[in-house]
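Read-outs: derived from the displayed coordinates by stated rules, not from any lab. Bear in mind that the values here come from a model prediction, so they are computed numbers and not experimental data. A quick note on method: Cβ atoms are made from the backbone with ideal geometry, for glycine too, and the neighbour counts reach across all protein chains shown.
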Amino acid sequence: MAGLFLFLPLLGRVQFDQLVSNAGYPGSEMIPAISALLSLLALKLLDKERRSHINDFNFDQATGLFAGLNIPPKKSYATEYSYGTVRDHQQKLLSGWVGALAPLLFPQAKSFALDFHPIPFRGDRSGLDQHYLPKRGKAAPAF
């Protein structure tokens, strides 16, 4: 369970609450949209992909705390919530997620590297136009 909380700094840096709000996910007074999505995300992070197999987390306070609740929502709520969202919600969330995560994962490079490979030259210039090796990962003999 403690591994869930290692994910929280990243969620804070990408402002996950704003991403959920901008995507327009539904929520209620009892379970706001951010808590509903965090509870579903917690299940994914714990490798419980099927909502029908989440009964063992029904009274787990750590999973609830991750979502900002006292305990996580039950299986029936998770299933109903999933069916209550539309494709537009997921598309907006994912585009915002990628847009917020890309600068963290791929910072601006200050230098670059080219992937050079040797061109086998054995005195015949005609082979320089087709300088590929027929098998990937296989070295050609060097002379």
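Peptides 61-70, 86-95, 99-108, ordered by how many other C-beta atoms sit within 10 Å of their residues on average, highest first, read 61-70, 86-95, 99-108. For region 28-45, putting each phi into the Karplus relation 6.51 cos²θ - 1.76 cosθ + 1.60 with θ = phi - 60° gives couplings of 9, 5, 6, 10, x, 4, 5, 5, 4, 5, 5, 5, 5, 5, 4, 5, 5, 5 Hz, in residue order, rounded to whole numbers and with x for Gly and Pro.
Under 14 Å from the Cβ of GLY96, count the other residues' Cβ atoms, weight Lys and Arg +1, Asp and Glu -1, and hand me the total.
Numbers: positive: ARG13, LYS92; negative: ASP17, ASP88.
Neighbour charge sum, excluding GLY96 itself: 0.
For region 1-98, the alpha-carbon coordinates run over 32, 29, 25 Å along the three principal axes, in decreasing order. By the equivalent-ellipsoid construction on the alpha carbon gyration tensor, region 1-44 comes out with semi-axes of 19, 13, 7 Å, ordered largest to smallest. Sparsely packed loop sites in region 14-96 (the GluC sites (Glu not before Pro) outside DSSP H, G, I, E and B with at most 15 other Cβ atoms within 10 Å) comprise GLU29, GLU49.
Shown here: region 45-102, whose C-alpha atoms stretch 34, 23, 20 Å along the first, second and third principal axes, sorted largest to smallest.
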